[in-house]
1. Within the range 142-157, does at least one residue satisfy the condition of being touching a Pro at 6+ places or on another chain (Cβ under 8 Å) and either assigned to a loop (DSSP other than H, G, I, E, B) or not acidic (Asp, Glu) (or both)?
2. Which members of the range 51-82 meet the condition of being of a type outside the set (A, V, I, L, M), under 16 Å from Val127 (Cα atoms) and out of contact with any Gly (no Cβ under 7 Å at 6 or more places or on another chain)?
3. Out of all the residues in the range 53-69, is one or more part of a loop (DSSP other than H, G, I, E, B) and at pLDDT 95 or above?
4. Can you tell me how many residues in the range 73-92 are out of contact with any helix residue (DSSP H, G or I) (no Cβ under 8 Å at 6 or more places or on another chain) and surrounded by 19 or more Cβ atoms within 10 Å (Cβ to Cβ)?
5. Under the condition of being over 24 Å from the mean Cα position of the chain (by Cα) and of a type in the set (D, E, K, R), which residue from the range 121-157 is farthest from Pro220 (Cα to Cα)?
6. If the Cβ limit is 7 Å and pairs must be 6+ apart or interchain, which residue in the range 88-106 that is in contact (Cβ under 8 Å) with a residue 40 or more places away in the chain pairs with which residue that is basic (Lys, Arg)?
7. From Glu289, Glu317, Glu294, grab the single residue that is in contact with a Gly (Cβ under 9 Å, 6 or more places away or on another chain), surrounded by fewer than 20 Cβ atoms within 10 Å (Cβ to Cβ) and farther than 21 Å from Val81 by Cα.
8. Within the range 220-279, how many residues turn out to be at positive phi and either surrounded by 14 or more Cβ atoms within 10 Å (Cβ to Cβ) or under 20 Å from the mean Cα position of the chain (by Cα) (or both)?
Amino acid sequence: MSFVTPECQATTLSSPFGTIIPLEKKIKGFPKTKPKKILLIAGPTACGKSALSLLLAKLLHGEVISADSMQVYRGMDIGTVKVSQEDQAAVPHHLLDIRHVQEPFNVVDFYYEARQCCESILSRDRVPLVVGGSGFYFRTLIYGPPEGPPPIPDIRHSLEEEMEELGSLKMFEKLKVLDPNYAKTITSNDRHKIIRAMEIVTLTGKSVSEHKWEQIHPLPDFSHHCWFVYKPREILYPLIDARCEQILEAGFLEEVQELEKAGIRTNPSASQAIGYRQALDFLSTSQDEKANNEFVRKFKTASRHYAKRQFTWFRKEPLFRWLDVDRHDLETAAELIAQDFLSTP
């Protein structure tokens, strides 16, 4: 059996396992893992990460740390497909529901809070499982926060006013001129990232692309075991469309209406999240059938485009091994990953 990278990267990673033997039969008694050893599970939306993480947590005596930038917010449940209360009761989860929807939360916040969670979980002789789809969050956890000046309120306010006056598309076009390489990694809808990039250029005279990560090697205090689980796009994209439909049927618009009352529009990050941005736009229309159809189309398109960007990001991450979970059922995939985690330093 082998691990297969996506079709555009024809590298084959040999499996050390041979025939898969159920973990409970192969290992008598749970072996304590070495300190600082953590497991990172990334993947595109709708590929089954949450279900896989629950299986892994049970196999490895683990606890899950969410690497999802929107699941930190209370009330953003349906649109982020947050794990159920029953699953949270069965397996401890961290960094869920830790912010009010008006409060900011950024990658540096994630870095420090996720590291604290890892240390706490390791102190209990359990395994930290960092699970999510945000490539920026994973990279920051592995290498440390990127360089960049702290925001200056006057400059940030000026850029926000310019964004309101010109709109995100024109600001994005300006960014493409100043930093074409970084602009390729985001979209014209990423208002917060556009403003931050323009802020960095204004304060330093250097593009975001010129700022390096603090470390060019992984931080030494954790041993990172990294997996990118995925399904081929021709299988994944219909699953994404179906999940969008399920989210809508579960009462997503009602959730967004409640979040609007709670002030989500004042949070430039949360209000631009996939699904939420399209829903807020729809709620500002006549909400007739034509507007509803356009809302659903944009929601599905944005979700598929996000998955595409996730594939692109993780192709550039050398520590992540790729595992096609369409070729293996989730139970087998969990066994593969768990046995590899236990058998390597």
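The values are calculated or read from the model by the stated rules, or taken from the named source; none is laboratory data. Since the structure is predicted, the reported quantities are computational estimates derived from the model, not experimental observations. Please note: Cβ atoms are built from the backbone with ideal geometry, for glycine as well, and neighbour counts cover all protein chains shown.
1. yes
2. Of everything in the range 51-82, those that are of a type outside the set (A, V, I, L, M), under 16 Å from Val127 (Cα atoms) and out of contact with any Gly (no Cβ under 7 Å at 6 or more places or on another chain) turn out to be Ser53, Lys58, His61, Gly62, Glu63.
3. yes
4. 2
5. This residue is Asp154.
6. Hits for this filter: His100/Arg74; Val101/Arg74; Phe105/Arg99.
7. The conditions single out Glu317.
8. 2
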